[in-house]
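Engineer: The structure follows.
The values are calculated or read from the model by the stated rules, or taken from the named source; none is laboratory data. Everything quoted here is computed from the prediction, not taken from an experiment. All Cβ positions, even for glycine, are placed from backbone atoms using ideal geometry, and neighbour counts span all protein chains on display. The protein model used for the area step is the full one, side chains on, heavy atoms only, and it has no ligands, DNA or RNA in it. Shrake-Rupley method; radii C 1.70, N 1.55, O 1.52, S 1.80 Å.
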Amino acid sequence: MGTLIKNGTVVNADGSKKTDVLIEGEKIAEVGDNLNATSHTVVDASGLLVMPGGIDVHTHLDMPFGGTVSADDYTSGTQAAAIGGTTMLIDFVLQSQGHTMREALDTWLKKSDNKACIDFSLHMAVTDLGPGDGAQGLREMEEMVAEGITSFKLFMAYPGVLMIDDGLMFRVMQKAAKLNALCCIHAENGSAIDIVVAQMLTEGKTAPHYHALSRSPKAEAEATHRAIALADMAGASVYIVHLSNAYALDNLKFMQQRGAKALAETCIQYLVLSIEDQMPGKSWDEAKYVFTPPLREKWNQQPLWNALQDGSLVVVSTDHCPFRFADQKELGRGNFSKIPNGGPGVENRLQILWHFGVNAGRLTPEKFVELCCTAPARIFGMENHKGSINEGLDADILLWDPNADYTISAATQRMATDYNMFEGWKVKGNAAKVFSRGELVVDNTSQPGKFLGATGRGRFVKRGANAGGLA
Ligand code: URP
Ligand code: ZN
Ligand code: ZN
(Lines give C-alpha, C1' and ligand atoms only; values in the text may rest on other atoms or scores of the structure.)
(Ligands and ions follow the chains in the order given, each with its own letter.)
Protein backbone atom coordinates (compact mmCIF):
# COMPACT_ATOMS: atom_id res chain seq x y z
CA MET A 1 0.00 0.00 0.00
CA GLY A 2 1.49 3.32 -1.11
CA THR A 3 0.50 6.95 -1.47
CA LEU A 4 -0.53 7.98 -4.96
CA ILE A 5 -0.39 11.67 -5.83
CA LYS A 6 -2.85 12.28 -8.66
CA ASN A 7 -3.92 15.23 -10.83
CA GLY A 8 -0.93 17.41 -10.05
CA THR A 9 1.73 18.86 -12.33
CA VAL A 10 5.17 17.45 -11.64
CA VAL A 11 7.79 20.18 -11.87
CA ASN A 12 11.39 19.12 -12.25
CA ALA A 13 14.30 21.35 -13.20
CA ASP A 14 14.28 19.92 -16.73
CA GLY A 15 10.55 20.16 -17.41
CA SER A 16 6.96 19.95 -16.17
CA LYS A 17 4.28 17.40 -16.87
CA LYS A 18 0.82 16.52 -15.61
CA THR A 19 1.39 13.02 -14.29
CA ASP A 20 1.07 10.79 -11.22
CA VAL A 21 3.62 10.02 -8.52
CA LEU A 22 3.55 6.85 -6.44
CA ILE A 23 5.28 6.79 -3.06
CA GLU A 24 6.09 3.41 -1.57
CA GLY A 25 7.77 3.39 1.81
CA GLU A 26 10.38 6.15 1.85
CA LYS A 27 10.92 6.28 -1.90
CA ILE A 28 9.38 7.50 -5.12
CA ALA A 29 8.34 4.17 -6.65
CA GLU A 30 6.91 5.36 -9.95
CA VAL A 31 6.27 8.52 -11.95
CA GLY A 32 3.80 7.96 -14.79
CA ASP A 33 0.42 8.63 -16.32
CA ASN A 34 -2.81 7.08 -15.02
CA LEU A 35 -1.20 4.92 -12.35
CA ASN A 36 -3.58 2.37 -10.87
CA ALA A 37 -4.98 3.62 -7.58
CA THR A 38 -6.10 0.22 -6.27
CA SER A 39 -4.78 -0.40 -2.75
CA HIS A 40 -3.13 3.04 -2.52
CA THR A 41 -4.08 6.12 -0.53
CA VAL A 42 -4.83 8.77 -3.12
CA VAL A 43 -3.80 12.39 -2.57
CA ASP A 44 -5.63 14.70 -4.95
CA ALA A 45 -3.16 17.35 -6.14
CA SER A 46 -5.55 19.15 -8.49
CA GLY A 47 -4.32 22.70 -9.02
CA LEU A 48 -1.06 21.92 -7.24
CA LEU A 49 2.52 21.59 -8.38
CA VAL A 50 4.38 18.46 -7.34
CA MET A 51 7.95 19.50 -6.71
CA PRO A 52 10.98 18.06 -4.93
CA GLY A 53 11.20 19.26 -1.34
CA GLY A 54 13.39 22.31 -0.92
CA ILE A 55 17.03 21.94 0.08
CA ASP A 56 18.54 24.83 2.07
CA VAL A 57 22.31 24.40 2.05
CA HIS A 58 23.11 27.27 4.41
CA THR A 59 21.73 27.28 7.96
CA HIS A 60 23.13 27.86 11.45
CA LEU A 61 21.06 26.00 14.06
CA ASP A 62 21.95 26.02 17.76
CA MET A 63 25.19 27.79 16.89
CA PRO A 64 27.26 29.73 19.43
CA PHE A 65 27.98 33.12 17.84
CA GLY A 66 28.29 36.76 18.85
CA GLY A 67 28.17 36.00 22.57
CA THR A 68 24.97 33.98 22.37
CA VAL A 69 23.48 30.96 20.58
CA SER A 70 21.27 31.05 17.49
CA ALA A 71 17.65 30.86 18.55
CA ASP A 72 16.47 27.86 16.53
CA ASP A 73 17.66 24.48 17.66
CA TYR A 74 17.46 21.39 15.47
CA THR A 75 13.81 20.88 16.38
CA SER A 76 12.36 24.34 15.78
CA GLY A 77 14.70 25.01 12.84
CA THR A 78 13.94 21.82 10.94
CA GLN A 79 10.21 22.06 11.68
CA ALA A 80 10.14 25.64 10.44
CA ALA A 81 11.96 24.53 7.29
CA ALA A 82 9.42 21.77 6.65
CA ILE A 83 6.45 24.06 7.21
CA GLY A 84 7.88 26.27 4.48
CA GLY A 85 8.39 23.32 2.09
CA THR A 86 12.05 22.54 2.74
CA THR A 87 12.84 18.88 3.43
CA MET A 88 16.63 18.94 3.78
CA LEU A 89 19.15 21.31 5.36
CA ILE A 90 22.92 21.50 5.33
CA ASP A 91 24.03 23.11 8.58
CA PHE A 92 27.49 24.31 9.58
CA VAL A 93 29.74 22.65 12.15
CA LEU A 94 32.21 25.17 13.60
CA GLN A 95 35.60 23.80 14.58
CA SER A 96 37.03 25.81 17.50
CA GLN A 97 40.68 26.76 17.40
CA GLY A 98 42.74 24.32 19.47
CA HIS A 99 40.18 21.56 18.98
CA THR A 100 39.82 18.88 16.33
CA MET A 101 37.22 18.59 13.60
CA ARG A 102 36.16 15.29 15.15
CA GLU A 103 35.33 17.02 18.45
CA ALA A 104 33.34 19.66 16.59
CA LEU A 105 31.46 17.03 14.59
CA ASP A 106 30.57 15.10 17.75
CA THR A 107 29.24 18.30 19.31
CA TRP A 108 27.01 18.99 16.30
CA LEU A 109 25.78 15.41 16.06
CA LYS A 110 24.73 15.68 19.72
CA LYS A 111 22.86 18.92 19.00
CA SER A 112 20.89 17.21 16.24
CA ASP A 113 20.42 13.83 17.94
CA ASN A 114 16.74 13.11 18.66
CA LYS A 115 15.91 16.65 17.56
CA ALA A 116 16.18 16.94 13.78
CA CYS A 117 12.77 16.52 12.15
CA ILE A 118 13.83 16.46 8.50
CA ASP A 119 16.99 15.08 6.93
CA PHE A 120 20.13 17.13 7.25
CA SER A 121 23.79 17.13 6.46
CA LEU A 122 26.75 19.14 7.70
CA HIS A 123 29.56 21.28 6.30
CA MET A 124 32.75 21.47 8.37
CA ALA A 125 34.08 24.99 9.03
CA VAL A 126 37.83 24.58 9.37
CA THR A 127 39.62 27.02 11.67
CA ASP A 128 42.69 25.04 12.70
CA LEU A 129 44.81 22.33 11.07
CA GLY A 130 46.66 21.51 14.29
CA PRO A 131 50.35 21.93 15.15
CA GLY A 132 53.28 22.18 12.74
CA ASP A 133 52.61 21.56 9.10
CA GLY A 134 48.92 20.85 9.64
CA ALA A 135 49.25 17.17 8.72
CA GLN A 136 46.82 16.18 11.49
CA GLY A 137 44.10 18.52 10.25
CA LEU A 138 44.59 17.49 6.65
CA ARG A 139 44.20 13.85 7.71
CA GLU A 140 41.04 14.79 9.54
CA MET A 141 39.67 16.23 6.30
CA GLU A 142 39.96 12.71 4.84
CA GLU A 143 38.03 11.35 7.83
CA MET A 144 35.32 13.96 7.37
CA VAL A 145 34.88 13.03 3.71
CA ALA A 146 34.64 9.36 4.73
CA GLU A 147 31.83 10.43 7.10
CA GLY A 148 29.98 12.04 4.20
CA ILE A 149 30.96 15.60 5.08
CA THR A 150 32.28 16.60 1.69
CA SER A 151 32.26 20.40 1.94
CA PHE A 152 34.58 22.58 4.02
CA LYS A 153 33.73 26.12 5.01
CA LEU A 154 36.46 28.73 5.19
CA PHE A 155 35.87 32.13 6.77
CA MET A 156 37.74 35.15 5.41
CA ALA A 157 35.90 37.34 7.95
CA TYR A 158 35.44 37.51 11.74
CA PRO A 159 39.12 37.94 12.76
CA GLY A 160 39.97 36.33 16.10
CA VAL A 161 36.92 34.09 15.96
CA LEU A 162 36.57 32.18 12.71
CA MET A 163 38.83 33.92 10.18
CA ILE A 164 41.76 31.96 8.79
CA ASP A 165 44.73 33.32 6.87
CA ASP A 166 45.39 32.77 3.18
CA GLY A 167 48.06 30.12 3.86
CA LEU A 168 45.71 27.92 5.85
CA MET A 169 42.98 28.49 3.30
CA PHE A 170 45.32 27.46 0.49
CA ARG A 171 46.38 24.27 2.27
CA VAL A 172 42.76 23.29 2.84
CA MET A 173 42.01 24.00 -0.81
CA GLN A 174 44.90 21.82 -2.00
CA LYS A 175 43.67 18.96 0.17
CA ALA A 176 40.05 19.49 -0.88
CA ALA A 177 41.16 19.25 -4.52
CA LYS A 178 42.73 15.84 -3.80
CA LEU A 179 39.58 14.68 -2.00
CA ASN A 180 37.15 16.02 -4.61
CA ALA A 181 35.60 18.03 -1.79
CA LEU A 182 34.05 21.49 -2.15
CA CYS A 183 35.33 24.63 -0.38
CA CYS A 184 32.55 26.95 0.77
CA ILE A 185 33.81 30.46 1.32
CA HIS A 186 32.56 33.36 3.42
CA ALA A 187 34.25 35.99 1.27
CA GLU A 188 34.84 39.31 3.02
CA ASN A 189 38.15 40.98 3.84
CA GLY A 190 37.80 40.71 7.62
CA SER A 191 41.02 42.55 8.47
CA ALA A 192 40.12 45.68 6.49
CA ILE A 193 36.55 45.62 7.77
CA ASP A 194 37.68 45.46 11.38
CA ILE A 195 39.72 48.64 10.91
CA VAL A 196 36.71 50.46 9.47
CA VAL A 197 34.52 49.16 12.32
CA ALA A 198 36.94 50.50 14.96
CA GLN A 199 37.16 53.87 13.20
CA MET A 200 33.38 54.20 13.01
CA LEU A 201 32.92 53.37 16.68
CA THR A 202 35.56 55.98 17.60
CA GLU A 203 33.54 58.52 15.61
CA GLY A 204 30.42 57.63 17.63
CA LYS A 205 28.78 55.77 14.76
CA THR A 206 27.28 53.02 16.86
CA ALA A 207 23.80 52.40 15.38
CA PRO A 208 22.89 49.21 13.43
CA HIS A 209 22.94 51.19 10.16
CA TYR A 210 26.73 51.48 10.50
CA HIS A 211 27.12 47.73 10.51
CA ALA A 212 25.99 47.82 6.90
CA LEU A 213 28.22 50.78 6.02
CA SER A 214 31.28 49.26 7.71
CA ARG A 215 31.32 46.23 5.41
CA SER A 216 31.98 47.58 1.95
CA PRO A 217 30.82 45.63 -1.12
CA LYS A 218 34.43 46.03 -2.24
CA ALA A 219 35.65 44.06 0.79
CA GLU A 220 33.40 41.26 -0.39
CA ALA A 221 34.49 41.64 -4.01
CA GLU A 222 38.18 41.55 -3.11
CA ALA A 223 37.77 38.42 -1.00
CA THR A 224 35.62 36.74 -3.64
CA HIS A 225 38.32 37.29 -6.22
CA ARG A 226 41.10 36.19 -3.85
CA ALA A 227 39.32 33.01 -2.79
CA ILE A 228 38.60 31.96 -6.35
CA ALA A 229 42.13 32.77 -7.50
CA LEU A 230 43.65 30.73 -4.66
CA ALA A 231 41.28 27.84 -5.35
CA ASP A 232 42.19 28.00 -9.02
CA MET A 233 45.89 27.79 -8.09
CA ALA A 234 45.12 24.81 -5.84
CA GLY A 235 42.96 23.09 -8.45
CA ALA A 236 39.98 23.16 -6.08
CA SER A 237 36.29 23.85 -6.61
CA VAL A 238 34.81 26.70 -4.62
CA TYR A 239 31.31 27.71 -3.69
CA ILE A 240 30.97 31.32 -2.54
CA VAL A 241 28.28 31.56 0.11
CA HIS A 242 25.84 34.45 0.54
CA LEU A 243 27.08 36.57 -2.37
CA SER A 244 25.33 39.89 -1.83
CA ASN A 245 26.35 42.54 -4.35
CA ALA A 246 27.21 43.43 -7.92
CA TYR A 247 30.95 44.05 -7.36
CA ALA A 248 31.42 40.56 -5.92
CA LEU A 249 29.33 39.19 -8.75
CA ASP A 250 31.58 40.88 -11.34
CA ASN A 251 34.59 39.18 -9.79
CA LEU A 252 32.83 35.82 -9.72
CA LYS A 253 31.90 36.11 -13.40
CA PHE A 254 35.39 37.26 -14.35
CA MET A 255 36.91 34.15 -12.79
CA GLN A 256 34.19 31.84 -14.14
CA GLN A 257 34.86 33.15 -17.66
CA ARG A 258 38.52 32.27 -17.21
CA GLY A 259 37.66 28.69 -16.34
CA ALA A 260 37.89 28.72 -12.55
CA LYS A 261 35.77 26.06 -10.89
CA ALA A 262 33.67 28.60 -9.02
CA LEU A 263 30.02 28.45 -8.02
CA ALA A 264 28.02 30.81 -5.85
CA GLU A 265 24.75 31.23 -4.03
CA THR A 266 22.83 34.28 -3.02
CA CYS A 267 20.20 34.44 -0.28
CA ILE A 268 16.60 35.67 -0.35
CA GLN A 269 17.37 38.74 1.76
CA TYR A 270 19.79 40.19 -0.80
CA LEU A 271 17.19 39.80 -3.56
CA VAL A 272 14.40 41.72 -1.85
CA LEU A 273 15.71 43.77 1.09
CA SER A 274 18.01 46.80 0.96
CA ILE A 275 19.79 49.45 3.00
CA GLU A 276 17.34 52.07 1.76
CA ASP A 277 14.24 50.15 2.80
CA GLN A 278 15.33 48.26 5.89
CA MET A 279 18.38 50.09 7.28
CA PRO A 280 18.08 53.81 6.52
CA GLY A 281 19.66 54.72 9.86
CA LYS A 282 16.58 55.80 11.73
CA SER A 283 16.09 53.34 14.59
CA TRP A 284 17.35 50.52 16.77
CA ASP A 285 14.75 48.30 15.04
CA GLU A 286 17.23 48.01 12.18
CA ALA A 287 19.23 45.57 14.35
CA LYS A 288 16.79 42.96 13.05
CA TYR A 289 18.62 43.21 9.72
CA VAL A 290 22.18 43.01 11.02
CA PHE A 291 23.75 40.07 9.26
CA THR A 292 26.91 39.51 7.29
CA PRO A 293 27.44 40.37 4.48
CA PRO A 294 25.04 43.22 5.19
CA LEU A 295 22.14 44.47 3.13
CA ARG A 296 23.27 46.45 0.10
CA GLU A 297 21.99 49.43 -1.85
CA LYS A 298 18.87 48.50 -3.75
CA TRP A 299 20.43 48.74 -7.22
CA ASN A 300 22.36 45.53 -6.48
CA GLN A 301 19.18 43.43 -6.54
CA GLN A 302 18.65 43.42 -10.30
CA PRO A 303 22.16 42.13 -11.13
CA LEU A 304 21.59 39.31 -8.64
CA TRP A 305 18.29 38.36 -10.31
CA ASN A 306 20.02 38.53 -13.71
CA ALA A 307 22.78 36.24 -12.42
CA LEU A 308 20.22 33.67 -11.28
CA GLN A 309 18.75 33.76 -14.76
CA ASP A 310 22.05 33.51 -16.63
CA GLY A 311 23.49 30.79 -14.36
CA SER A 312 26.37 32.68 -12.79
CA LEU A 313 24.59 32.23 -9.46
CA VAL A 314 23.36 28.68 -9.02
CA VAL A 315 21.56 28.39 -5.67
CA VAL A 316 19.31 30.48 -3.43
CA SER A 317 19.71 29.69 0.27
CA THR A 318 18.87 31.56 3.47
CA ASP A 319 21.93 31.76 5.74
CA HIS A 320 19.28 31.22 8.42
CA CYS A 321 21.01 32.36 11.63
CA PRO A 322 18.23 33.56 13.93
CA PHE A 323 18.57 35.77 16.99
CA ARG A 324 15.70 37.20 19.01
CA PHE A 325 15.29 40.95 18.85
CA ALA A 326 14.19 41.46 22.46
CA ASP A 327 17.18 39.95 24.23
CA GLN A 328 19.80 38.72 21.74
CA LYS A 329 20.10 41.61 19.27
CA GLU A 330 19.96 43.80 22.38
CA LEU A 331 23.55 42.73 23.18
CA GLY A 332 24.69 45.28 20.63
CA ARG A 333 22.66 48.31 21.64
CA GLY A 334 25.15 51.17 21.70
CA ASN A 335 27.76 49.23 19.68
CA PHE A 336 26.75 47.71 16.34
CA SER A 337 29.78 45.40 16.33
CA LYS A 338 28.28 43.52 19.28
CA ILE A 339 24.93 42.82 17.63
CA PRO A 340 24.80 39.06 16.96
CA ASN A 341 25.07 38.72 13.18
CA GLY A 342 22.30 36.79 11.50
CA GLY A 343 18.67 36.71 10.51
CA PRO A 344 15.82 34.17 10.29
CA GLY A 345 14.53 32.95 6.93
CA VAL A 346 14.40 29.16 6.58
CA GLU A 347 10.58 29.10 6.76
CA ASN A 348 10.07 31.74 4.09
CA ARG A 349 12.68 31.00 1.41
CA LEU A 350 10.33 29.32 -1.04
CA GLN A 351 7.49 31.80 -0.53
CA ILE A 352 9.77 34.78 -1.16
CA LEU A 353 11.54 33.28 -4.16
CA TRP A 354 8.28 32.11 -5.72
CA HIS A 355 6.48 35.41 -5.20
CA PHE A 356 9.29 37.74 -6.30
CA GLY A 357 10.84 35.29 -8.75
CA VAL A 358 8.16 33.22 -10.45
CA ASN A 359 5.13 35.47 -9.96
CA ALA A 360 7.15 38.47 -11.07
CA GLY A 361 8.19 36.70 -14.28
CA ARG A 362 11.87 36.55 -13.35
CA LEU A 363 12.07 32.76 -12.93
CA THR A 364 10.18 29.85 -14.46
CA PRO A 365 8.83 27.19 -12.07
CA GLU A 366 11.52 24.84 -13.43
CA LYS A 367 14.27 27.35 -12.67
CA PHE A 368 12.82 27.78 -9.18
CA VAL A 369 13.15 24.02 -8.65
CA GLU A 370 16.67 24.08 -10.05
CA LEU A 371 17.78 26.87 -7.67
CA CYS A 372 16.08 25.57 -4.54
CA CYS A 373 16.21 21.78 -4.91
CA THR A 374 18.06 20.22 -7.83
CA ALA A 375 21.25 22.30 -7.97
CA PRO A 376 21.73 22.07 -4.17
CA ALA A 377 21.45 18.26 -4.38
CA ARG A 378 23.83 18.04 -7.36
CA ILE A 379 26.44 20.49 -6.08
CA PHE A 380 26.52 19.00 -2.60
CA GLY A 381 26.76 15.37 -3.64
CA MET A 382 23.32 13.94 -2.98
CA GLU A 383 21.59 13.89 -6.34
CA ASN A 384 21.17 10.13 -6.04
CA HIS A 385 18.93 10.66 -3.01
CA LYS A 386 17.26 14.02 -3.28
CA GLY A 387 16.49 17.07 -5.40
CA SER A 388 14.11 15.77 -8.10
CA ILE A 389 10.92 13.83 -8.63
CA ASN A 390 12.40 10.67 -10.09
CA GLU A 391 11.91 6.98 -9.44
CA GLY A 392 14.21 5.59 -6.77
CA LEU A 393 14.87 8.90 -5.02
CA ASP A 394 13.73 9.72 -1.48
CA ALA A 395 10.08 10.74 -1.46
CA ASP A 396 10.82 14.27 -0.26
CA ILE A 397 7.91 15.87 -2.05
CA LEU A 398 6.36 19.29 -1.88
CA LEU A 399 2.82 19.93 -3.07
CA TRP A 400 2.95 23.62 -3.87
CA ASP A 401 -0.14 25.77 -4.21
CA PRO A 402 0.74 28.60 -6.62
CA ASN A 403 -2.53 30.35 -5.79
CA ALA A 404 -2.37 30.27 -2.00
CA ASP A 405 -2.39 33.70 -0.39
CA TYR A 406 -0.20 33.92 2.67
CA THR A 407 0.76 36.74 5.00
CA ILE A 408 4.16 36.31 6.59
CA SER A 409 4.25 37.09 10.31
CA ALA A 410 6.23 36.26 13.42
CA ALA A 411 2.89 35.67 15.15
CA THR A 412 2.23 32.55 13.08
CA GLN A 413 5.73 31.32 12.24
CA ARG A 414 7.47 28.26 13.72
CA MET A 415 10.90 29.93 13.72
CA ALA A 416 11.93 30.82 17.27
CA THR A 417 12.57 34.50 16.67
CA ASP A 418 10.26 37.23 17.96
CA TYR A 419 10.32 38.95 14.56
CA ASN A 420 10.27 38.14 10.88
CA MET A 421 12.35 40.04 8.32
CA PHE A 422 9.33 40.05 5.97
CA GLU A 423 6.69 40.93 8.58
CA GLY A 424 3.29 41.61 7.04
CA TRP A 425 4.35 40.81 3.48
CA LYS A 426 1.58 39.23 1.45
CA VAL A 427 2.78 36.52 -0.92
CA LYS A 428 1.02 34.27 -3.40
CA GLY A 429 2.28 30.69 -3.41
CA ASN A 430 2.81 28.43 -0.43
CA ALA A 431 3.48 24.84 0.59
CA ALA A 432 0.21 22.89 0.76
CA LYS A 433 1.51 19.45 1.82
CA VAL A 434 5.04 18.27 2.51
CA PHE A 435 6.28 14.68 2.48
CA SER A 436 9.60 13.75 4.01
CA ARG A 437 10.84 10.30 2.96
CA GLY A 438 7.24 9.38 2.16
CA GLU A 439 5.69 10.62 5.40
CA LEU A 440 3.23 13.50 5.38
CA VAL A 441 4.91 15.88 7.83
CA VAL A 442 3.12 19.14 7.01
CA ASP A 443 -0.42 19.79 5.82
CA ASN A 444 -0.87 23.54 5.66
CA THR A 445 -4.34 23.07 4.15
CA SER A 446 -5.79 21.37 7.23
CA GLN A 447 -3.35 22.17 10.05
CA PRO A 448 -1.46 25.28 8.97
CA GLY A 449 1.96 25.90 10.46
CA LYS A 450 2.09 22.57 12.33
CA PHE A 451 4.70 19.85 12.04
CA LEU A 452 2.95 16.48 12.06
CA GLY A 453 5.88 14.05 12.27
CA ALA A 454 7.80 12.80 15.29
CA THR A 455 10.56 14.95 16.74
CA GLY A 456 13.93 13.41 15.98
CA ARG A 457 12.81 11.55 12.84
CA GLY A 458 15.31 13.44 10.64
CA ARG A 459 18.40 11.53 9.54
CA PHE A 460 21.96 12.56 8.86
CA VAL A 461 22.64 12.23 5.13
CA LYS A 462 26.12 11.16 4.02
CA ARG A 463 27.08 13.05 0.87
CA GLY A 464 29.36 12.05 -1.97
CA ALA A 465 32.52 13.96 -2.89
CA ASN A 466 32.02 15.31 -6.39
CA ALA A 467 33.82 18.68 -6.27
CA GLY A 468 30.53 20.54 -6.58
CA GLY A 469 29.62 18.60 -9.72
CA LEU A 470 32.50 20.40 -11.50
CA ALA A 471 35.12 17.65 -11.46
O1 URP B 1 25.35 37.11 9.70
C2 URP B 1 25.54 35.95 9.43
N3 URP B 1 25.59 35.60 8.18
N4 URP B 1 25.67 35.04 10.41
C5 URP B 1 25.97 33.67 10.25
C6 URP B 1 27.41 33.39 10.02
C7 URP B 1 27.81 33.62 8.60
O8 URP B 1 28.64 34.47 8.34
O9 URP B 1 27.30 32.95 7.70
ZN1 ZN C 1 29.08 33.73 6.39
ZN1 ZN D 1 26.13 31.62 7.20
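Engineer: Using a probe radius of 1.4 Å on heavy atoms only, what accessible surface per residue do you get for segment 329-397? Whole Å² is fine.
Structural biologist: I get 30 Å² per residue for this part.
Engineer: Another question, then. Which entries in 153/175; 253/367; 175/261; 288/367; 115/450 show an alpha-carbon gap greater than 22 Å?
Structural biologist: Checking Cα-Cα distances, 288/367 exceed 22 Å.
Engineer: I've got another one for you. Can you compute 3J(HN,Hα) from phi for each residue in segment 14-19, using the Karplus curve 6.51 cos²θ - 1.76 cosθ + 1.60 with θ = phi - 60°, rounded to whole Hz and x for Gly and Pro?
Structural biologist: Per-residue couplings from phi come out as 9, x, 10, 7, 6, 7 Hz.
Engineer: Please report how far the C-alpha centroid of segment 107-142 lies from that of segment 271-285, rounded to the nearest whole angstrom.
Structural biologist: 35 Å
Engineer: Divide the volume of the convex hull of the Cα atoms of segment 1-159 by its number of residues and quote the answer in cubic angstrom per residue.
Structural biologist: With only Cα atoms used, segment 1-159 gives 157 Å³ per residue.
Engineer: Cut-off under 15 Å on the C-alpha distance; same-chain residues fewer than 8 positions from residue 178 excluded. Which aspartates and glutamates are left, in chain and number order?
Structural biologist: 140, 142, 143, 232
Engineer: Across all directions of projection, what mean area in square nanometres is found for the Cα convex hull of segment 320-364?
Structural biologist: The Cα convex hull of segment 320-364, projected and averaged over all directions, gives 4.1 nm².
Engineer: Related question: Relative contact order of segment 355-466: what whole-number percent is it, with Cα pairs under 8 angstrom and at least 6 residues apart?
Structural biologist: The value is 23 percent.
Engineer: Can you list residues whose amide H is under 5 Å from residue 239's amide H, if they're 5+ apart or on another chain and H is modeled 1.01 Å from N?
Structural biologist: 183, 184, 185, 263
Engineer: Under a point-charge model restricted to the Cβ atoms of Lys and Arg (+1) and Asp and Glu (-1), what is the dipole moment magnitude of the chain relative to its Cα centre, in debye to the nearest 20?
Structural biologist: Once rounded to the nearest 20, the dipole reads 320 debye.
Engineer: Using only DSSP helix segments of four residues or longer, with each worth -39500 (n - 2.57), what per-residue ellipticity at 222 nm results for the chain after dividing by its residue count and rounding to 500?
Structural biologist: Theoretical 222 nm ellipticity from helices: -8000 deg cm²/dmol.
Engineer: Now a separate question. For segment 39-50, in order, what is each residue's ³J(HN,Hα) by Karplus, 6.51 cos²θ - 1.76 cosθ + 1.60 with θ = phi - 60°, in whole Hz (x at glycine and Pro)?
Structural biologist: 6, 10, 7, 9, 10, 7, 9, 4, x, 10, 9, 9
Engineer: On to the next question. Name the residues whose placed amide hydrogens come within less than 5 Å of the amide hydrogen of residue 123, ignoring near sequence neighbours (fewer than 5 apart) on the same chain.
Structural biologist: 91, 92, 93
Engineer: Assuming 0.692 mPa s and 37 °C, estimate D for segment 267-415 with Stokes-Einstein, Rh taken as the Kirkwood radius over Cα pairs, in µm²/s.
Structural biologist: Rounded to a whole number, D works out at 192 µm²/s.
Engineer: Mind checking which aspartates and glutamates have their Cα closer than 13 Å to the Cα of residue 298? Skip sequence neighbours fewer than 8 apart in that chain.
Structural biologist: 276, 277
Engineer: From the phi of every residue in segment 459-471, what ³J(HN,Hα) in whole Hz does the Karplus formula 6.51 cos²θ - 1.76 cosθ + 1.60 yield, where θ is phi - 60° and glycine or proline is x?
Structural biologist: Working through the residues one at a time gives 10, 6, 9, 7, 9, x, 9, 10, 6, x, x, 9, 5 Hz.
Engineer: Would you pull out the residues with amide H under 5 Å of residue 20's amide H, same chain only if 5 or more places away, H placed 1.01 Å from N?
Structural biologist: Amide H to amide H, under 5 Å and 5 or more residues apart or across chains, residue 20 pairs with 32, 33, 34, 35.
Engineer: Summarise the accessible area of the chain (1.4 Å probe, protein heavy atoms) by the percent that is carbon and sulfur.
Structural biologist: With neighbouring chains kept in place, the figure for the chain is 50 percent.
Engineer: For a test of the definition: using alpha carbon positions, the gyration tensor, and the 1.5 limit on a/c, classify the chain as rounded, prolate or oblate.
Structural biologist: Because a/c hits 1.5 or more and a/b exceeds b/c, the chain counts as prolate.
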